[in-house]
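A.B. asks: Quick one: this structure, given as C-alpha cells, is what I'll be asking you about.
The values are calculated or read from the model by the stated rules, or taken from the named source; none is laboratory data. In this text, all values refer to a predicted model and were calculated from it rather than measured experimentally. Cβ: placed from backbone, ideal geometry, glycine included. Neighbour counts: every protein chain shown. We work out accessible area using only protein heavy atoms, side chains counted, and drop any ligands, DNA or RNA first. Shrake-Rupley method; radii C 1.70, N 1.55, O 1.52, S 1.80 Å.
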Amino acid sequence: MQDMASLLAEESMKEFNPHEVIEGTVVLVNRDEAYVDIGYKTEIPIAKKELAYPEPEAATDVVKVGDKINVYVVALGGENGLILSKTRADRLVAWEKVEKVKEEKQIIEVEILQVVKGGLLTTAFGLRGFIPASQIALHFVKDLNEFVGQKVEVEIMEADPKKQRLVLSRRSVLEAQREQKREEALASIVEGEKRTGVVKRLVDYGAFIDIGGVDGLAHISDLSWDHIKNPADVLSVGQEVEVLVKAFDPETKRISLSIKDTVRDPWFDKAEKYPVGSYVKGKIVKLTDFGAFMEIEPGFDGLIRMRELSPKHITKASEAVSVGDEVTVKVILVDMDNKKVALSITKVQQDAEKAEYQDFLAKQDNTAVTIGDEVNE
C-alpha cells in the first residue's frame, strides 16, 4: 500500500491534457535524450529528434541541465505516462512568428540545407521551409547544389500551419533589390554625362548597355563614327565601354546612349590635315547631278562641284571625269560645322596657268635688266 506522502503527492500533481504547451526544466541530458521535470510523478525523456529540427547529432547540442523549455504534450500514456516534444512546442511559436513576418512582409535570412525535388530545403524559425527552383534566382539555375550551405535572404510566399507548408522566395527579394537599384540609378542620370557601362545585349538596331543598374540603348548609328552594318562588328557582350547619355525620359525611363560621342570625330582630325589652299591627289568615287565626289583618304571625301570640274561649261560630271580617275584638286573650303570639304580641279589649272605666267614675267624682267646693263656699259 502507498504511504500517505505518496498519495498526497499524487493528489497535488498537475493535470495534463493532450496538445497543450507547458513549461519544464531540464534535469538530465545525454547524447540521445533530455529528461524534463514538468511537475509530473517522474521526469519525462525527450528524444533528440523531438528537441530540434533538423535533428541534432546529440541532445547536448540543444539543451543543458537547468534550462527552462516549453514542451508540447503529444499524448497521455506510454511507458513514461506522457509523450512530450520540444520541436512541436517550438513549431507553434514559430508559426506565430512566421505569420507575423509574412503579414509585415519582412525579409529573413535562412541557410540552404539540401537540394530536393523541385527546389531547395531550408529552415525558418525551426520550421521546414521550401524554396522552389524558380524562386532561388532571377535567372534559370541549372545546378541548385551551388546554393547548399549558403545563407540567403528570403520572403515568405505561403504559410499554412495546418498543412505544415512553408514556401519561401529569394527571387522576390532580388527583384525588389534590383528595382531599388534601378530607381537609384535612374535618379542619378544626367543628360550629357559620360559613364562606364557593360554591354548586355546586341540587337540588329544597336546595343543595350548597363550603366549601373539600369540599361540604356545605343543605336547602331551611335556606336561608331564609321558606318557599320552589324553591332557585333564593333562590340561584344560583356565588353566594358564608355558612353555618353544623349537623352533620358523620366516618364518612360528610356535612356539613349552614344559610344561614338565619347571620342572626337575622326573627320575633324582628317580635315585639319587639308587646310584651304592645299593641293591633294585622290580618286573619283561617285558622280552626281551637281558634281563629283573624290576620296581624299579612306572615309574622308570632298565634293567637286560642276563649275569646279572644268573651265568649260559642262552639263554632266561625266563630261569631265569618270569614276576611278585620279585627279589633283585644290581645297577651296573646309566647313567644320557641316563637315563638308569643297574641292576644285579648275583652280588647280588656273593656279598652274597663273604660276606659269608669273614665271614668264619673272624671266622677262631678268632679260630686261640684262639688256639695260649692257647698254650702260
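A.B. asks: Condition first: within 51 Å of the chain's Cα centre (by Cα) and exposed (fewer than 14 other Cβ atoms within 10 Å of the Cβ). Now tell me which residues in the range 286-328 satisfy that.
C.D. replies: The answer is K286, T288, D289, F290, E297, P298, G299, V323, G324.
A.B. asks: Checking L120 against (1) at pLDDT 95 or above; (2) in contact with a Ser or Thr (Cβ under 9 Å, 6 or more places away or on another chain): exactly one of these is not met. Which one?
C.D. replies: Evaluating L120 over (1) at pLDDT 95 or above; (2) in contact with a Ser or Thr (Cβ under 9 Å, 6 or more places away or on another chain) leaves (2) as the failure.
A.B. asks: Would you check which residues across the range 329-358 are open to solvent by 60 Å² or more (accessible area, probe 1.4 Å) and either charged (D, E, K, R) or within 13 Å of I284 (Cβ to Cβ) (or both) and list them?
C.D. replies: D337, K339, K340, K347, E353, K354, E356, listed by residue number.
A.B. asks: With the structure loaded, tell me whether I284 is hydrophobic (A, V, I, L, M, F, W, C) and either in a loop (DSSP other than H, G, I, E, B) or closer than 30 Å to A137 by Cβ (or both) or whether it fails that test.
C.D. replies: No.
A.B. asks: Right, something else. Would you list the strands (runs of 3 or more DSSP E) that sit entirely within the range 176-281 and hold 2 or more residues that are under 13 Å from the mean Cα position of the chain (by Cα) and at pLDDT 90 or above?
C.D. replies: 194-203, 206-210, 215-219
A.B. asks: Anything in the range 219-262 that is among the small types (G, A, S) and touching a residue at least 24 places away in the same chain (Cβ under 8 Å)? List them, or say none.
C.D. replies: S224, A232, S236, G238, A247, S256, S258
A.B. asks: Sticking with this one: Can you pull out the residues in the range 163-184 that are buried (at least 17 other Cβ atoms within 10 Å of the Cβ) and either among the charged types (D, E, K, R) or within 12 Å of G213 (Cα to Cα) (or both)?
C.D. replies: Answer for the range 163-184, where residues must be buried (at least 17 other Cβ atoms within 10 Å of the Cβ) and either among the charged types (D, E, K, R) or within 12 Å of G213 (Cα to Cα) (or both): R170, R171.
A.B. asks: A follow-up question, please. Working only within the range 131-163, note down all residues that are in a loop (DSSP other than H, G, I, E, B), within 14 Å of V98 (Cα to Cα) and in contact with a helix residue (DSSP H, G or I) (Cβ under 8 Å, 6 or more places away or on another chain).
C.D. replies: Passing the criteria: only P161.
A.B. asks: Right, something else. Inspect all residues belonging to the range 304-322 and state whether any of them is in a strand (DSSP E or B) and touching a Leu at 6+ places or on another chain (Cβ under 7 Å).
C.D. replies: Taking every residue of the range 304-322 in turn, at least one turns out to be in a strand (DSSP E or B) and touching a Leu at 6+ places or on another chain (Cβ under 7 Å).
Every residue, every condition in (1) open to solvent by 60 Å² or more (accessible area, probe 1.4 Å); (2) under 27 Å from E308 (Cα atoms), yes or no:
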| residue | (1), (2) |
| --- | --- |
| D233 | yes, no |
| Q239 | yes, no |
| V245 | no, no |
| K253 | yes, no |
| K260 | no, no |
| D269 | yes, yes |
| E272 | yes, yes |
| V280 | no, yes |
